[in-house]
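The structure appears right after this line, and notes come after that.
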Number of protein chains: 2
Amino acid sequence: MSQNASSNSLKIIPLGGLHEIGKNTCVFEYNDEIVLLDAGLAFPTDGMHGIQVVLPDTSYLRENRHKIKGMIVTHGHEDHIGGIPFHLKQFDIPVIYGPRLAMSLLQDKLEEAGVGDRTELRTVGPRDMVRVGSSFLVEYIRNTHSMADSFSVAIHTPVGVVIHTGDFKVDHTPVDGERFDLQRLAEHGEKGVLCLISDSTNAEVPGFTPSERSVFPNLDRAIAQAPGRVFVTTFASSVHRVNMILELAKKHKRVVSVLGRSMLNVIAHARNLGYIKCDDDLFVPLNMVNKLPDEQVLILSTGSQGEPMAAMSRIARQEHRQVKIREGDTVIFSANPIPGNTIAVVNTIDKLMMQGAKVIYGRDKGIHVSGHGSQEDQKLMLALTKPKFFLPVHGEHRMLVKHAETAQSMGVPAENMVVINNGDVVELTRDSIRVVDKVPSGIELVDAAHSGVVNERVLKERQHLAEEGVVTIAATLGWSGELISKPQVHLRGVATNIDRAKLEATIAQTIELVVSSRWAELTQALDNLSELNWPRLQSDIEMELRRLLRRELQNNPSLVFLLQTPIEPPVASGRRRSTAKVAS
Amino acid sequence: MSQNASSNSLKIIPLGGLHEIGKNTCVFEYNDEIVLLDAGLAFPTDGMHGIQVVLPDTSYLRENRHKIKGMIVTHGHEDHIGGIPFHLKQFDIPVIYGPRLAMSLLQDKLEEAGVGDRTELRTVGPRDMVRVGSSFLVEYIRNTHSMADSFSVAIHTPVGVVIHTGDFKVDHTPVDGERFDLQRLAEHGEKGVLCLISDSTNAEVPGFTPSERSVFPNLDRAIAQAPGRVFVTTFASSVHRVNMILELAKKHKRVVSVLGRSMLNVIAHARNLGYIKCDDDLFVPLNMVNKLPDEQVLILSTGSQGEPMAAMSRIARQEHRQVKIREGDTVIFSANPIPGNTIAVVNTIDKLMMQGAKVIYGRDKGIHVSGHGSQEDQKLMLALTKPKFFLPVHGEHRMLVKHAETAQSMGVPAENMVVINNGDVVELTRDSIRVVDKVPSGIELVDAAHSGVVNERVLKERQHLAEEGVVTIAATLGWSGELISKPQVHLRGVATNIDRAKLEATIAQTIELVVSSRWAELTQALDNLSELNWPRLQSDIEMELRRLLRRELQNNPSLVFLLQTPIEPPVASGRRRSTAKVAS
């Protein structure tokens, strides 16, 4: 870090979560102590071929690993805890504090990844205070969100109190009865909050976000009116929603079969900790379902986003072995498509309808609400905490800008806020907020096999392969420059009607032509053929082959050209068309 | 076609446009005469790697080319005329009737593709009647839509009058003053319409679609308030919108520079035909723009959908040579993102904002309206035409279902309508509508080079290449089964940290191991090595190499293995590790 930054100031460095929804990861640094707040993952977007998981560049943390005193987790969503198992392979975090449900989910993740032996996981409850390092005292303040057991935090630092909202909406009628601790926020507002760091997801949406409870009567009606089986799909992590669906199943005397690993996993953890309360006999295994009358069955499934491998998507594609849609089924999509998933979702809906299901979906049905506060929720947060400085986070750029405008409309001066990007180093003192530096803030891509970080070059190669396919040509050249085998050509992913035999013949001619035109020059001053500049010859041939392919195929596929030569060079120096034999 | 279909019935066979928005292509067939209505293209969706254009499978038309009497074009949108140049390479259409603007755009397309010499293009105007073949008399009825010069048609057939709405909304205050000919529709309703075939795009949207005029005051305000340069992006084909933007530029004393080939093209054709009226001196070339005061400039650009190569997208990525965004610029997105484009659009908006532009976007700004009618427009169409039978088209499955429900709510009996898919053969008689058959209805994919139709296998190969990359291995085996060159290995698009030298050594070992274990058996009964089953050996080696790659790379890339052998086999029969030399 540059010397712009004052000592005795707090540095806030978001490594992820800005200019995006995802991979929320924030560094708080004071002197030589770092505390992390959340470490999430993101999912790949278009063009990230073969990528499973997107992580923030953590080189700043790797370089400053000795400063890391601990981590604060606000809640258990993937975009807040999903990165932790990956990071623990690269640097240690001595202690992680978090709510019970998040810690329970995290524990599983760490065990599965085989990491975290040197990390202590400690659960916290409402109003718990935890000290991290010597500079940070963190207070957990209950908030309301789509995930159960979610918190905002007040971080007491040497420069003042910083409130990070975590993810929140203001839900006055929470499903689990755990109310937003507005009193504690107000108390901090009264005493003085130096800086508010606040969730910007719905900064563009006017009004208040409705209570999670508001979907209950609409789901109730949809299930009540269903003549046969009911399928419901929602986010596995929306614990309150899942809770209500299970409650409604019981009310309508339907047993529940749960499809999808993440749904089973969250339900197990949430039941175990009491966030979902229901009897064991509410659930039946899938193979029992077909033995029950249709009107006694509710199938709760993953796939609300049209994810290709999720249960509901496989059912829609008629690829699910045990579940087939039939006339009389009702399918409820209790989730809105996240931008980018819209086409996958509507395609799934259409497929289900074509097989005879009645599908209930769409914003006008009142069967989904956001877990993030809208403009009025955001104003209430600002009004309660009365911060001197403001830092909008958790959102794309225009959401951050809008959230900053909202704060200005409430009297926070424009110079008391910064709209930043990942990697920006925000310096906070008692009197100022400013960006003083930038740390690496790119992304790290992890592929399906988790076999390694996929870099930019590999992605570009994949893009080119995807668009035009690949032509592979192998040829073996003898030590006299003669083709000692018929060149082999292989097309994969290439669109063409070309005559293969003709193409192969043209390729052989081209290789022979290039070799014969270069051979004299290349072998001129050589004592021994093993000194011959094969790479040069190979690249000369390759250039001509590329030209040939463009001409013959009328497009520009990737080319892999492998020029082989016998292992043993002849002892005597060679000349073009010499009679030297190739050693076996 | 099967014998289910009665003679003396009208067959209606949509080859595209159902279960999708795009590639509208409809066949009307009576006895041995076919008339086509529109022939559009669609754009590729996720996973269609390297594809530029999606066309309907036209094998039914190719097989019945002798029946084709002509084509009716309703308007000039790409999803209604874009397929024609491709089709004319495969079968003749003797005559194409259509509105002036559509024909003008089509003429260009045909010239560019070098097709259509044997096709007569004839322009039509409101209430024109054209005879196609002996069975079809087609009447053009002016409608209102986002594209200028758009029509519905009444097709007089031996079984009765069929009205096809084309694309429409009911716009009582059209920008060009060309009013919807509701009178003619009503007259048909009075006389009796056998079947209505109607646009379902907005079947899920309640209410009326607002008039195109309604965006005028909002665009006016946005431009009036802009302190510096104004950029506006919209669909090039939205001629009315473009017209209003040009009018507003004049009003606010701004000259206009037009960016993007399609925008320039549509403006040229529309001005030429009088659909856009403005003076030449309204326009300035781009290189003049920088010499003018910012507040006298309006730049009208393509890229409203975040298309990667469009002008506005290149400006946002700072890749446009002549145009750089700066503080004080205002960018107006006068278009909503089509599902699937949302992420590209919001990323473009964010990038423009970060460079200092004020960006005006979003549904709440009143700067875009749809060109397709909502539920109330659709009801009005049903009310005016009072059809006996109803066929919803131009929409995804759930839109067709919803449109059918709307028709039922207005008294059309459920048994008097069919919700169909592309390729379904609808038989219409005076007394019945039913699906009697199915013709091929898949898609044909055309790649960037238009070099050929890309088939399913090629797409699957591209998908695999994209996800995991490709490993190419070439090895040359002598006639004694010995490796006569070091195997060459090339990775492309493969994510791995593996030691290359080690991998190459392991590959060589594997090849030698397979050869030595198979050689005796493969060569046992042979008189001459040229009889040796090389493909069998190659596939045995390939299987082992695949296993090796899975193990070593922990993923499963595509493998291309090229096994080479010298051209000339030795004359004597060989045995493993024989001393036979390889002929040069």
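The values are calculated or read from the model by the stated rules, or taken from the named source; none is laboratory data. A quick note: this is a predicted structure, and the numbers were derived from the prediction, not measured. In this analysis, Cβ positions are derived from the backbone assuming ideal geometry, glycine residues included, and neighbour counts consider all displayed protein chains.
Residue-wise test of (1) charged (D, E, K, R); (2) on the phi > 0 side of the Ramachandran plot.
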{"site": "B:405", "(1), (2)": "yes, no"}
{"site": "B:423", "(1), (2)": "no, yes"}
{"site": "B:427", "(1), (2)": "yes, no"}
{"site": "B:433", "(1), (2)": "no, no"}
{"site": "B:446", "(1), (2)": "no, no"}
{"site": "B:456", "(1), (2)": "yes, no"}
{"site": "B:461", "(1), (2)": "yes, no"}
{"site": "B:464", "(1), (2)": "no, no"}
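Buried (at least 23 other Cβ atoms within 10 Å of the Cβ) and either more than 8 Å from chain A (Cβ to nearest Cβ) or β-branched (Val, Ile, Thr) (or both): is that true of residue B:391 in this structure? For residue B:391, the condition - buried (at least 23 other Cβ atoms within 10 Å of the Cβ) and either more than 8 Å from chain A (Cβ to nearest Cβ) or β-branched (Val, Ile, Thr) (or both) - is met. Considering only residues in region A:394-409 that are in contact with a Leu (Cβ under 9 Å, 6 or more places away or on another chain) and buried (at least 24 other Cβ atoms within 10 Å of the Cβ), the one that is farthest from the other protein chains (Cβ to nearest Cβ) turns out to be A:407.
Evaluating residue B:380 against the criteria (1) surrounded by 19 or more Cβ atoms within 10 Å (Cβ to Cβ); (2) part of a helix (DSSP H, G or I); (3) aliphatic (A, V, I, L, M) leaves one unmet condition, (1). If the condition is being within 20 Å of residue A:536 (Cβ to Cβ) and either more than 14 Å from chain B (Cβ to nearest Cβ) or not hydrophobic (A, V, I, L, M, F, W, C) (or both), then region A:504-522 contributes A:510, A:512, A:513, A:514, A:515, A:516, A:517, A:518, A:519, A:520, A:521, A:522.
When residue A:73 is tested against (1) surrounded by fewer than 24 Cβ atoms within 10 Å (Cβ to Cβ); (2) out of contact with any Phe, Trp or Tyr (no Cβ under 6 Å at 6 or more places or on another chain), only condition (1) is not met. Every listed requirement among (1) part of a loop (DSSP other than H, G, I, E, B); (2) surrounded by fewer than 20 Cβ atoms within 10 Å (Cβ to Cβ) is met by residue B:343 save one, (1). Residue B:306 passes every criterion in (1) of a type in the set (Gly, Ala, Ser); (2) touching a Ser or Thr at 6+ places or on another chain (Cβ under 6 Å); (3) at negative phi apart from (3).
Look through region A:538-569, keep the residues that are buried (at least 20 other Cβ atoms within 10 Å of the Cβ) and more than 10 Å from chain B (Cβ to nearest Cβ), and return whichever of them is modelled with the lowest pLDDT. Quick ask: steps written out before the conclusion?
Taking region A:538-569 and keeping what is buried (at least 20 other Cβ atoms within 10 Å of the Cβ), we get A:541, A:545, A:549, A:553, A:555, A:557-558, A:560-566.
Among the residues that remain, those that are also more than 10 Å from chain B (Cβ to nearest Cβ) are: A:541, A:545, A:549.
Numbers: A:541: 94, A:545: 94, A:549: 91.
Filtering region A:538-569 for residues that are buried (at least 20 other Cβ atoms within 10 Å of the Cβ) and more than 10 Å from chain B (Cβ to nearest Cβ), the one modelled with the lowest pLDDT comes out as A:549.
The residue that is nearest to residue A:420 (Cα to Cα), among those in region A:190-231 that are among the β-branched types (Val, Ile, Thr) and not in a helix (DSSP H, G or I), is A:197.
Among residues of region B:47-70 being part of a loop (DSSP other than H, G, I, E, B) and closer than 18 Å to residue B:91 by Cα, the one that is farthest from the chain's Cα centre (by Cα) is B:64.
If I filter region A:438-449 for residues that are away from chain B (no Cβ under 14 Å), of a type outside the set (Val, Ile, Thr) and farther than 30 Å from residue B:46 by Cα, do I get at least one hit? Looking through region A:438-449, at least one residue is away from chain B (no Cβ under 14 Å), of a type outside the set (Val, Ile, Thr) and farther than 30 Å from residue B:46 by Cα.
The set of residues in region A:468-481 being touching an Asp or Glu at 6+ places or on another chain (Cβ under 8 Å) and either at negative phi or surrounded by fewer than 24 Cβ atoms within 10 Å (Cβ to Cβ) (or both) consists of A:468 alone. When we screen A:167, A:176, A:171, A:149 for residues that are part of a loop (DSSP other than H, G, I, E, B) and modelled with pLDDT under 95, the only hit is A:176.
Name every residue in region A:413-434 that is within 14 Å of chain B (Cβ to nearest Cβ) and either in a strand (DSSP E or B) or basic (Lys, Arg) (or both), in order of residue number. Result: A:424, single match.
Among the residues in region A:85-96, are any crowded, with 18+ Cβ neighbours inside 10 Å and either among the small types (Gly, Ala, Ser) or within 14 Å of chain B (Cβ to nearest Cβ) (or both)? No, region A:85-96 has no match at all.
When you check residue A:459 against the structure, is it in contact (Cβ under 8 Å) with a residue 60 or more places away in the chain and either within 10 Å of another protein chain (Cβ to nearest Cβ) or surrounded by fewer than 21 Cβ atoms within 10 Å (Cβ to Cβ) (or both), yes or no? Yes, satisfied.
Any residue at all in region A:493-503 that is within 11 Å of chain B (Cβ to nearest Cβ), closer than 26 Å to residue A:468 by Cβ, at pLDDT 85 or above and outside any helix (DSSP H, G or I)? Yes, there is a match, as at least one residue in region A:493-503 is within 11 Å of chain B (Cβ to nearest Cβ), closer than 26 Å to residue A:468 by Cβ, at pLDDT 85 or above and outside any helix (DSSP H, G or I).
Restricting attention to region A:245-268, the residues that are within 33 Å of the chain's Cα centre (by Cα) and either under 24 Å from residue A:356 (Cα atoms) or surrounded by fewer than 22 Cβ atoms within 10 Å (Cβ to Cβ) (or both) total 14.
Quick one: how many residues across region B:471-490 are touching a Gly at 6+ places or on another chain (Cβ under 7 Å) and more than 8 Å from every other protein chain (Cβ to nearest Cβ)?
Residues of region B:471-490 that are touching a Gly at 6+ places or on another chain (Cβ under 7 Å), as a first pass: B:479-480, B:484.
Now drop any that are not more than 8 Å from every other protein chain (Cβ to nearest Cβ), which leaves B:479.
Number satisfying all stated conditions: 1.
Restricting region A:291-302 to residues that are touching a residue at least 24 places away in the same chain (Cβ under 8 Å) and part of a loop (DSSP other than H, G, I, E, B) leaves a set whose member that is surrounded by the fewest Cβ atoms within 10 Å (Cβ to Cβ) is A:292.
If you take the residues in region A:486-531 that are within 48 Å of the chain's Cα centre (by Cα) and among the β-branched types (Val, Ile, Thr), which one is surrounded by the fewest Cβ atoms within 10 Å (Cβ to Cβ)? Step by step, filter region A:486-531, then rank; the result is A:498.
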